[in-house]
Structure formats: structure tokens, C-alpha cells
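Notes for the one structure printed next.
Taken together, the values in this text are just the output of simple stated rules run on the coordinates, not laboratory data. Just so it is clear, the model here is predicted, and its values are computed rather than measured. We place every Cβ from the backbone using ideal geometry, glycine too, and count neighbours over all the protein chains shown.
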Amino acid sequence: MKKLLVDTAERAARYLAELENRHVAPTPEDVARLQALSGPLPQSPSDPSQVLALLDDIGSPATVATAGGRYFGFVIGGSLPAALAANWLAGAWDQNSAMQVMSPVAAKLEEIVLSWMVDLFGLPSSSGAGFVTGTTMANFTGLAAARTALLKRAGWNVEEDGLFGAPPIHVVVGDEVHVSLLKALSMLGLGRSRVTRVPADAQGRMRADALPPLDDRTLVCVQAGNVNTGAFDPAGEICARAHDAGSWVHVDGAFGYWAAASPKYAPLLAGAGAADSWAIDCHKWLNVPYDSAVAIVRTAEHLQAAMAMTAAYLTPGAGREPWHFAPEASRRARGVELWAAMRSLGRSGLAELIERNCLQAKLFADRLSAAGFTILNDVVLNQVLVSFGSEEETRRVISNIQSDGTCWCGGTQWHGQAAMRISVSSWATTNEDVERSAAAMIRIAKQGSQA
Ligand SMILES: *Cc1c(COP(=O)(O)O)cnc(C)c1O
């Protein structure tokens, strides 16, 4: 066992060191070689060290270098050293974090991390939380608590009696709502299409002046960090209006909520702390390994009512049993990496990570606009939208950047226009990575226009 683990650690370290020199996207040849991993299930056992060697030799080249410093697609973080190492240790521990009795350390680390998070985010210390896979599930979990609370107030027990015949809940979202929030609504029986969409402004922020009439059976979904522009809905104004009417406010703060870690960027979140539930990703900007996010709910009892494994969850003096706060029973111990990441960065390290990535986004915007290309958004956080000219030209440049391999960015549509989206979300990104990537983008964009 020891030799296998040490050998694997060496392979992993070599993989990470080679990220500096390899193409960010795997080559088509590397992807084709994956065929070597298939074939029928072997008749007999294989030596684990040979299994690992095959996995590394064939699998590693076919990865996307998202752990390196020059991946700017979607919103993807890397893995902090302490978080990756803690993830390995947690793998060796093989803990089931469903119940305290199954793993006292996993249960305790969730409690500690929750206390650090509510402190960092400025949320009530009495909040409840579930540790889940990603913001899709964090939205699901927070919205389930909202559904429970709004229907309970209307005299309906949704956990026991379901949604058939229940009083209707009115759901309000911004026009720029993330698709994962709509998916969460669909899984909760609240429907993707029966929402009221509020118009957004030029940066994609929900317009508070365009809110529909609200009441005490309304669920308002706010966004902190638009996936294209990084812009924040005016949460303070929306929360004030919604709470006057007795509505519930849920915040999708997947990456944007980490702005709270920086005194410089925290004002973007002004008023969001007044909401009732929050969904926040950890595998994005906190830079822990996949998969990890947290759903925080102001009134812990609503979350517990929505997620309890049995109706008999309120055993006096029982303490926090993890499985009464999340959709799953058996779960891996996500709190281990969260604790290691936050413990290793501390407050100043977290602020530095957020501020450095935001400055790097500005550096991209400066370099690209100085070269004559158009930045389509106000760069307020870590997201940059670039146009290289016509729709066709922008698509061509994105595709050539992806195959060039110096860095990786994806495409998006912004206000009916094709755009390249740059997301700077990794602890591993250096200013040198940004300069090298911006130079490659400019070279590729100019090559085409001369041809
Ligand atoms: C990434 C993202 C999500 C979905 O998160 P997953 O972790 O992929 O499930 C939801 N909302 C926003 C704003 C996002 O950026």
C-alpha cells in the first residue's frame, strides 16, 4: 500500500509540474489514445501499481489543464496545495459524513467551516448549512428550505403532503438567472417556466424598479455574480422590498459571494446578507477539489425540516447531525478540504486570492483593449467579455485560441453578440500567465485578420 501511494504522489506531482509546458486542452491524439483504457472487464485481478500506471500514462495527457494557471473557461478554480493534500488524506480516511457517529472528525469540521464561513460572509451565526456537490445542488437545497417555509406559513406541510393541492408559490427571477437555478426549481416541482422574469440592465443586473407585486408566498431569486459579466443584482434594495411583503429571498452567489472575503470587493454584495438563503460554490473561487459547495439558510429549522432524513429529527440535545441538513445520507467528507483551504489561506490569504484574480481580469481587459479589441462588460470582478469584431471573427479567434493551447477560453452570447469569456478564478494564475495568455490571444486574433 505504502509504495503504491508514494508512487502515485510522485506521478501526481510530475503531472502538476508538467502543466507549465503542456497544451491547456489535450490534443485530439491524446483523446484518441483513451481507447487504451477500454476493452472488456478483465477476467482476473491486476496489480494496483500497473492499474495506476496505465491510468496516468493514458489518462493524464487527456485531461484539461484546469489545475494550472492558464485555464480561463467557464468559472473554474484550481486546487490549493493544502486542499489537494487534505483531499488525499480524506481519501485514505474514507469517512462517511452522514452522521456524527460515523465520523466525529467529518461532523466537527463541517461545524467549524460553517462558523468560519458565516463570519467571513457576514451572515447570522445561527444559520444552518448543508455541504453539497455544487451550486446546482446548493440552489436546490436553499430553495427547498424556502418552499418548506413559505408553504408552512400557508398551513401546508410539503414534506408530508407533497405539492399536489398545495397553495401556489410565486417565483421571481432576474432575466439573467443561471440555468442551474431553473433546474433546481424544476426538481422542486416549482417549474422552470412558471417563473416571473424581471428585466435586467446592461450589465445583467435584475432591475429592482421592475419587480412585480410581491407577497408572503413569493420566492425572489437574486444573483451575486453574473456568470458573463460578474455583475451583482442590487440585493439590498430587492431584500428590503421583498421582506416588506413577507417574501423569501434566495441568493445564487456561486462565485460572486467570495467577494465578501475582500474589503475592496465586499461592497458589491451590499445588502445580500439580509437574504434568507445563500448558495455558494467552493470548487470555484475557494479552489478546493471537485465537488464542493454550501447551502446556507438563515433559519436553520427550515433547512432541517426540508432535508431531515426522518420526521423524528428533533431529538433534544442531539447536536448537528449532517444528514438532516443536506439531500444525501452517505457523503464524502467535504469539510476536510474546506477546513484545510480556509485554514491555510486565513483571512488575508483569501482576500489576496480574490483581489489578485480581479486585478488579473483587469490586466486582460487592458491588454486586449490596448490591442484594439472591444471589452463588452464593466470589469467589476473576475469576468471579462471580449469581442474580436464580427460574430464570425470572434468565433474563429476563440476556436484558434483553444487549439493553440497556450490558454483556454470559451465562447458565450452577450446581448445577442458572440463574445469570448475570460474567467480568472484560480489560485495558480500568475501575472506572467496572464501576460503570456493575452499575448497569445492578440497574436492569434491579428494573424487571422491579415490573412
Ligand atoms: C457555476 C454556477 C452555478 C452552478 O454551479 P455548479 O457548481 O456547476 O453546480 C450556479 N450559478 C452560478 C451563478 C454559477 O456561476
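Backbone phi angles across the stretch 226-234, fed through the Karplus curve with coefficients 6.51, -1.76 and 1.60 (θ = phi - 60°), yield HN-Hα couplings of 6, 4, 8, 9, x, 6, 10, 4, x Hz in residue order; Gly and Pro are listed as x. In the chain, helical runs assigned H by DSSP with n ≥ 4 each contribute -39500 (n - 2.57); averaged across all residues and rounded to the nearest 500, the mean residue ellipticity at 222 nm is -13000 deg cm²/dmol. Backbone N atoms of the stretch 277-305 closer than 20 Å to the 7 Å Cα→Cβ label point of Ser125 belong to residues 296-301. Maximal additional length on extending the Ala329-Arg11 stretch stands at 111.1 nm, based on 0.36 nm per residue less the C-alpha distance.
Taking a 31 Å limit on the Cα-Cα distance, which of the listed pairs Lys152/Lys284; Lys2/Lys108; Lys152/Lys264; Lys264/Lys284; Lys264/Lys446; Lys183/Lys284 fall beyond it? Where the Cα-Cα span goes over 31 Å, the pairs concerned are Lys152/Lys284; Lys152/Lys264; Lys264/Lys446. Each of Trp427, Trp258 was scored by other Cβ atoms within 10 Å of its Cβ. Listed from fewest to most, they are Trp427, Trp258.
As a proxy for reagent exposure, ranking Lys108, Lys2 by other Cβ atoms within 10 Å from fewest up yields Lys2, Lys108. The distance from the alpha carbon centre of the stretch 120-168 to that of the stretch 183-207 is 17 Å, rounded to a whole number.
Annotation: peptides 333-346, 3-16, 434-447, ranked by per-residue average of other Cβ atoms within 10 Å with the highest first, follow the order 333-346, 434-447, 3-16. Our note on the geometry: Cα centres of the stretch 213-253 and the stretch 382-404, 33 Å apart. Site pair Gln50 and Asp215 shows an inter-label distance of 7.0 nm when each label is modelled 7 Å from Cα along Cα→Cβ.
Once each part is reduced to its C-alpha centroid, what is the distance from the stretch 47-64 to the stretch 256-286 in angstrom? One Cα centre to the other: 38 Å.
Taking amide H positions as modeled 1.01 Å from N, with prolines and chain starts lacking one, the residues under 5 Å from Val171 and 5 or more places away or on another chain are Thr196, Leu219. Once both labels are positioned 7 Å from their Cα atoms along Cα-to-Cβ, the gap between Asn21 and Ala311 label points is 6.5 nm. Ordered by the count of other Cβ atoms within 10 Å of each Cβ, fewest first, Tyr257, Tyr290 give Tyr290, Tyr257. Working from label points 7 Å from Cα in the Cα-to-Cβ sense, the Gln43 to Arg395 distance is 5.2 nm.
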